[in-house]
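Single-structure report; data block below.
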Amino acid sequence: MSEPQITDSHCHLDFPDFEGQLDDIITRAAEAGVARMVTICTKLKNEPSVRAIAEAHAPVFYAAGTHPMSVAEEPMTSVEELVSLAKHPKFVGIGETGLDYHYSSDSAEAQKRSLLIHIEAARETGLPLIIHSRAADDDMARILSDEMSKGSFTCVMHCFSSSAELAKATLEIGCYLSMSGIAAFPKSQELRDIFAAAPVDRILVETDSPYLAPPPYRGKRNEPSYTALTARIGAEVFGMDYADFAAQTEQNFDRLFWKVAQHQTVR
């Protein structure tokens with residue numbers, strides 16, 4: 001019997017960790033039931049190489065933006081640049097963008113400006129905003145709430161590992177929460193409880209590979225096939241059969257990343 005189908009909603013296939021190995025990695029993903037993946041460009045100068053990966057591999061789609069930890073050294077993007085990139089048929093999300101005060105608090109104001117640009121591009125394209133948030137809960141909740149009141153957009157809190165308060169605030173404005181390998185770590189019970197309190201129709205799964213491999217691979221290179229390990233923990237968190245949880249996260253993904261579903265319908 002084949003594995004239930006799931007999607008790795010956030011990975012970084014252009015990183016050197018995967019160089020020369022993508023065919024094998026995508027094959028292993030398919031064997032684990034990970035039928036689709038979204039690879040994320042974190043610096044817009046790398047967009048052509050990330051786009052090329054999506055073009056070369058049918059199961060791979062991509063998103064692009066300026067990661068908050070790169071804002072200080074990268075040129076500030078524009079709404080027009082992001083909207084133009086989004087015309088590509090396999091470009092399916094805006095970001096990742098967001099706020100990171102843990103490593104990059106000195107560029108906080110520039111990060112906020114960059115986030116607002118990405119939000120406007122998400123509004124204009126209708127594509128989901130992919131948000132990175134670390135040690136910036138109050139500012140993130142405030143900005144997203146204020147901006148949503150000015151004009152709606154969709155968003156996912158990628159690799160969510162923040163507070164229950166930020167989860168509640170972002171869920172209230174319609175955001176999705178994405179579960180990474182962190183949720184599978186033995187000491188992450190508090191995080192699992194936060195996910196358990198969220199609506200299951202607002203949950204995605206991801207690897208953020210090559211980072212954050214779930215057990216039993218913690219500390220090693222992560223890869224898209226390991227999404228299935230995190231999803232099995234997700235099924236336990238929500239008290240669901242794995243096949244049912246997988247099917248639910250697929251529905252959630254298709255609703256948020258509508259362009260992926262649309263692309264596959266047209267093909």
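The values are calculated or read from the model by the stated rules, or taken from the named source; none is laboratory data. Quantities reported herein were computed from a predicted structural model and do not represent experimental measurements. FYI the Cβ positions are ideal-geometry reconstructions off the backbone, even for glycines, and counts take in every protein chain you see. These area figures cover heavy atoms from the full protein model, side chains too; ligands, DNA and RNA do not enter into them. Shrake-Rupley method; radii C 1.70, N 1.55, O 1.52, S 1.80 Å.
Please determine, by comparing only the residues of region 59-81 that are among the small types (G, A, S) and open to solvent by less than 60 Å² (accessible area, probe 1.4 Å), which one is nearest to S107 (Cα to Cα).
S70
Which of the numbered conditions does A246 fail, given that it passes all the others? Conditions: (1) open to solvent by less than 20 Å² (accessible area, probe 1.4 Å); (2) under 30 Å from D138 (Cα atoms).
(2)
Does region 174-191 hold any residues that are open to solvent by less than 40 Å² (accessible area, probe 1.4 Å), over 13 Å from Y211 (Cα atoms) and of a type outside the set (F, W, Y), and which are they?
G174, C175, L177, S178, M179, A183, A184, S188, L191, listed by residue number.
E96 - would you say it is open to solvent by 20 Å² or more (accessible area, probe 1.4 Å), among the acidic types (D, E) and at pLDDT 95 or above?
It is false that E96 is open to solvent by 20 Å² or more (accessible area, probe 1.4 Å), among the acidic types (D, E) and at pLDDT 95 or above.
What about T77, is it modelled with pLDDT of 95 or more, among the β-branched types (V, I, T) and closer than 24 Å to T207 by Cβ?
no
Quick check on region 218-243: of everything there that is open to solvent by 80 Å² or more (accessible area, probe 1.4 Å) and in contact with a helix residue (DSSP H, G or I) (Cβ under 8 Å, 6 or more places away or on another chain), which residue is farthest from H57 (Cα to Cα)?
Only one residue tops the list, namely D241.
Only residues in region 229-258 that are on the phi < 0 side of the Ramachandran plot count as the first member; pair them with residues that are part of a helix (DSSP H, G or I) and of a type in the set (D, E, K, R), Cβ under 7 angstrom, at least 6 apart or cross-chain, and list the lot.
Note: pairs meeting the criteria are V237/R192; Y242/R232; Q248/D201; N252/D201; N252/R202.
If a residue must be assigned to a helix (DSSP H, G or I) and open to solvent by less than 30 Å² (accessible area, probe 1.4 Å), how many such residues does region 251-267 contain?
Qualifying residue count for the region: 6.
Looking at E73, E96, E19, which is the one that is without any contact (Cβ under 8 Å) to a residue 24 or more places away in the chain and within 20 Å of K112 (Cβ to Cβ)?
It is E73.
How about region 152-162: which of its residues are open to solvent by 30 Å² or more (accessible area, probe 1.4 Å) and out of contact with any Gly (no Cβ under 8 Å at 6 or more places or on another chain)?
S161
Scan region 155-166 for residues that are free of Cβ contacts under 8 Å to residues at least 40 places away in the same chain and under 15 Å from the mean Cα position of the chain (by Cα) and jot them down.
Correct list: C155, M157, F160, S161, S162.
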